[in-house]
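Asker: Sharing a structure, written as structure tokens. Questions coming.
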Amino acid sequence: MTGASPRSTHAPHPAWLPDDAFAAIGRRRVVVAGDGALAGTVAEEVAAATARFGGAFSRLEVGDGVADAELVLTLAPPLDEPIETIRIAAGSTPSAGSTDEGPATRHDDADESFRFTREAGSVVVQAPTDIGLLRGLFHLVRLGEAAFEGPDADETHAPATDLRMLDHWDNVDAHPTMGQVERGYSGGSIFYDNGFVRADLSRVERYARLLAAVGINRVAINNVNVNEHEARLLTDDLGDVVRIAAVFRRWGIRVHLSVSFASPIALGGLTTSDPLDRDVAHWWVRAAARVWDAIPDFGGFVVKADSEGQPGPFAYGRTHADGANMLAAAVEPHEGLIHWRAFVYDHRQDWRDRTTDRARAAYDHFHPLDGAFSGNVIVQVKYGPLDFQVREPVSPVLAAMPQTRIALELQVTQEYSGQQRHAVYLGPQWSQILGFRFWEAAGRDGGSPTVADLATGRGKAAEDPGTGTWRKPAGGFAAVSNVGDDEFWTGHPFAQANLYAYGRLCWDPTLDPGALLDEWVSLTFPGEADAVGQAVHAVLDRSWETYEQYTAPLGVGFMVRPGHHYGPDVDGYEYTPWGTYHFADRDGIGVDRTVRTGTGYAGQYPSPWRETYESLSTCPDELLLFFHHVPYTHVLHSGKTVIQHIYDTHFEGVARVERMIGAWSAVSTLVDPRFSERVAERFAEQLRSATEWRDQLNTYFFRKSGIADERGRSIY
Ligand code: GCV
């Protein structure tokens, strides 16, 4: 099923891996030691770098010396052994299950740790597996010259979780309304071209290398909305998945597929997909066996069931646990995973019925099932209860399933944050979510788990703050990719920073988003990092907040144009079945989600947040309208009324965009002109769109409330 693959005319931008990012390694005498496919990848990278920058490269054989090497990358016994025994890699340990040829066997969640030591400017990176060695290589690339400078060092690095995944919402057939990539803002798909898997997967190879450099280790390659053609990737078109998996494998990335719960009917000719039906279960067992036979290191299946029209177990009166566990049993012999999404709600709601609350849905469906899921099921939970809005409270489901493996789902593609036409850096939002503590007031750290702990099963998640007995298994991280076949990968060149930050935060959720921007800048713009870095910070540091300022206020969400979700339309979803309402009238605005008088959603949080959100006097301003319906004259903690806050933030948001554009124009000639041209084009649209948001929102609320802006600015 391969076909012709028209491409954008320019070679893809190198993003954070331009040749110059390898200069520090390439100038040195480097030895790579050890077997395994990924050690081969490391050796190729080093060989290319040393050839380019005048260094020397050798591949160590058993017994060879490393006397004059300035950098040694070597496989070595496990890191807890004393360093003296592993200094020289002659007795190196091949990584479990990988061979120089690559594919054959599985390497389940191989140890990705590595040790970095520096002595008098010479560096040794040692890792127990070849994938750890690859991680170590990219650690050095990030450090550049700094890797070889400074005092002696001895550090061990390991990821916070083994599960660091990107989900592609790419369709094999371009969908009539959603296109080739659902919610894709970066051109076509790197995998598919209108009905075919691309014959030339070289762009996928480059992508895999970029992902490996930030530590992503799993990729789901098709949309969670699985249409007819896409469903066949599981069976008839499996050969195409084999090809894609082979490309990712060289970079230590395992492939997953989104599957349709109705596959036994659609592909197997059965009359049912009831999870408790024996024939259905057998069908899945056989399907899974064929997949793992073809791809021994295959990761597993992602499932969107009983959500937005996708089939699921409800049709047979079964639960999500029944559905997920049946699939889990089919993949279990292969040590496969089921990522079962918790994004389940009634998308055919009656807008007149104010008791139904979409925000409640995921918790109501999944909390009662805690403990019912098999050990290889991961319940994948969007960060907020609605849908990737620019501001939502953190989903209470993340705290409500202590006996279940939970993955936190983020959205790198900017569906509700400017669609890669607006410069919006999401690192600060993700960092805030990852650091949120359900059992403690904002800003406190009395030892309760953060969201990152809950997803990684580490640190403070090991204990239940309530009972002290919680042993939380890990589910890791997943996010929707923002990449397409666009020259810059991500439409807006600055959106590369989001993909970069996501990967790095998966590896270490405590990393500072500002420092991650520095990393991205120094890799992407070597040579110009100082001036460009200052401008990038001026543009991106507060860009999430800026976007929030000129769009929907105070956590109320949506107000976007229905369907494509771009640009303002305050009432666009107000009288629709989608369950996302703001209830603005002449007196006030917001959704009453309190326990006392509203939908009761606030009660899904543990203390202290249930009380914090319940009370008007303690609810944080930025989420006020998510939890409360208030008059426009309600006074915020900031001292402003709601209506004046709306006016002020919308004017300020546009002014900030103007300042962003000014900051970038000072350095735009220092970078590749194509990069600058694209940024300029996107800035023009961001300013136009922000102005449109400002004028529509301000005018809407002025007309509704009849209250004038106290500063008398232009409202229409
Ligand atoms: C893939 C939102 C998006 C849909 C997406 C859905 C999901 O509703 O608008 O395009 O569908 O989320 O996460 O499944």
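The values are calculated or read from the model by the stated rules, or taken from the named source; none is laboratory data. Quantities reported herein were computed from a predicted structural model and do not represent experimental measurements. Methodologically, a virtual Cβ is constructed for each residue, glycine included, from the backbone with ideal geometry; neighbour enumeration extends over all protein chains shown. Accessible surface is based on the protein model in full, side chains and every heavy atom, while ligands, DNA and RNA are left aside. Shrake-Rupley method; radii C 1.70, N 1.55, O 1.52, S 1.80 Å.
Asker: Which strands (runs of 3 or more DSSP E) sit wholly inside the range 118-194 and have at least 2 residues that are away from the ligand (no atom under 16 Å from the Cβ) and crowded, with 18+ Cβ neighbours inside 10 Å?
Answerer: Correct list: 122-127.
Asker: Go through the range 302-338 and report how many residues are within 12 Å of the ligand (Cβ to nearest atom) and open to solvent by less than 20 Å² (accessible area, probe 1.4 Å).
Answerer: Result for the range 302-338: 5.
Asker: Run down PHE651, PHE701 and say which single residue is of a type outside the set (Asp, Glu) and touching a Lys or Arg at 6+ places or on another chain (Cβ under 9 Å).
Answerer: PHE651
Asker: Given the criterion open to solvent by less than 10 Å² (accessible area, probe 1.4 Å), within 16 Å of the ligand (Cβ to nearest atom) and under 23 Å from ALA442 (Cβ atoms), identify the matching residue among ALA359, ALA342.
Answerer: Only one candidate passes the filter, namely ALA359.
Asker: If a residue has to be outside any loop (DSSP other than H, G, I, E, B) and either open to solvent by 20 Å² or more (accessible area, probe 1.4 Å) or in contact with an Asp or Glu (Cβ under 8 Å, 6 or more places away or on another chain) (or both) to count, how many in the range 555-605 make the cut?
Answerer: The number of residues fulfilling the criteria is 5.
Asker: Next question, about the same structure. Just a yes or no: is a residue in the range 23-40 open to solvent by 30 Å² or more (accessible area, probe 1.4 Å), more than 33 Å from the chain's Cα centre (by Cα), at pLDDT below 90 and among the charged types (D, E, K, R)?
Answerer: No: the range 23-40 contains no residue that is open to solvent by 30 Å² or more (accessible area, probe 1.4 Å), more than 33 Å from the chain's Cα centre (by Cα), at pLDDT below 90 and among the charged types (D, E, K, R).
Asker: If the requirement is being closer than 30 Å to GLN604 by Cα and of a type in the set (Phe, Trp, Tyr), which of these qualifies: PHE675, PHE683, PHE627?
Answerer: PHE627
Asker: Out of the residues in the range 393-434 that are charged (D, E, K, R) and within 13 Å of the ligand (Cβ to nearest atom), which is surrounded by the fewest Cβ atoms within 10 Å (Cβ to Cβ)?
Answerer: For the range 393-434, the residue satisfying everything is GLU415.
Asker: Taking VAL197, is it open to solvent by less than 50 Å² (accessible area, probe 1.4 Å), over 30 Å from ALA455 (Cα atoms) and either touching a residue at least 24 places away in the same chain (Cβ under 8 Å) or part of a loop (DSSP other than H, G, I, E, B) (or both)?
Answerer: Yes.
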